[in-house]
1. Looking at G56 and the list (1) open to solvent by 10 Å² or more (accessible area, probe 1.4 Å); (2) within 21 Å of P140 (Cα to Cα); (3) of a type outside the set (A, V, I, L, M), which single condition is not satisfied?
2. Can you pull out the residues in the stretch 88-119 that are surrounded by fewer than 20 Cβ atoms within 10 Å (Cβ to Cβ) and outside any helix (DSSP H, G or I)?
3. Within the stretch 132-153, can you find the residues that are open to solvent by less than 60 Å² (accessible area, probe 1.4 Å), more than 11 Å from I11 (Cα to Cα) and free of Cβ contacts under 8 Å to residues at least 24 places away in the same chain?
4. Need pairs with beta-carbon distance below 7 Å; first residue touching a residue at least 60 places away in the same chain (Cβ under 8 Å) and at negative phi and within the stretch 100-119, second polar (S, T, N, Q) and surrounded by 15 or more Cβ atoms within 10 Å (Cβ to Cβ); sequence gap 6+ or separate chains.
Amino acid sequence: MAENSDPIIAIVGNVKTDPSAPAAAEALGRELAKAGLRILVYSSGADFLEGCIVRGYIASKLANRRAIQVRYPLHSQKPAFPEQQSNSEVFDWRPDHGEDWEMSFYQSLNDVDGILLMGGGDSTMVAGLVAMGRGIAMMPVASFGGNAAKVWESLRPGRDLPSADEI
């Protein structure tokens, strides 16, 4: 089976930093689908960003087959998104043989074309630093706080991807 060659964006962070974050994340999910981008998610937990992004992505009715890649440790609980029941063809399950979520998560950043950061804690900060160091396109959404805002604040023209005008 041929791999989908559309760009893939890692979804990293959480929606617990601001009451309006879940609705904003759903809107971002719809826009990612409209742009024809695949997404890479890791968790279906209620506080994490992925569930809201997936909800919006599926609601767009533009999600292609295997457009939502899910990475998780093989010997851990498999994420469960409500949308997978009626849209199973959209999900691309990728269990990792490592025992820790950190192995699946950080290694996957080598395979992405971009990273969306919103809210988040330590792993969001580290993902942003990895993106900066490797020159991976990223969109840290600063308006919802968390470590995504710290990543945004640390960007510098000439050193990182955005120009002074983009910042």
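1. Result: G56 fails condition (1) only.
2. Scanning the stretch 88-119 gives D92, W93, R94, P95, D96, H97, G98, E99, D100, D113, G114.
3. Answer for the stretch 132-153, where residues must be open to solvent by less than 60 Å² (accessible area, probe 1.4 Å), more than 11 Å from I11 (Cα to Cα) and free of Cβ contacts under 8 Å to residues at least 24 places away in the same chain: A142, A149.
4. Filtered contacts from the stretch 100-119: F105/S123; L117/T124.
The values are calculated or read from the model by the stated rules, or taken from the named source; none is laboratory data. Remember, predicted model here, so these are calculated numbers, not experimental data. With ideal geometry, Cβ positions are generated from the backbone for all residues, glycine too; neighbour counts draw on all protein chains shown. Accessible surface is based on the protein model in full, side chains and every heavy atom, while ligands, DNA and RNA are left aside. Shrake-Rupley method; radii C 1.70, N 1.55, O 1.52, S 1.80 Å.
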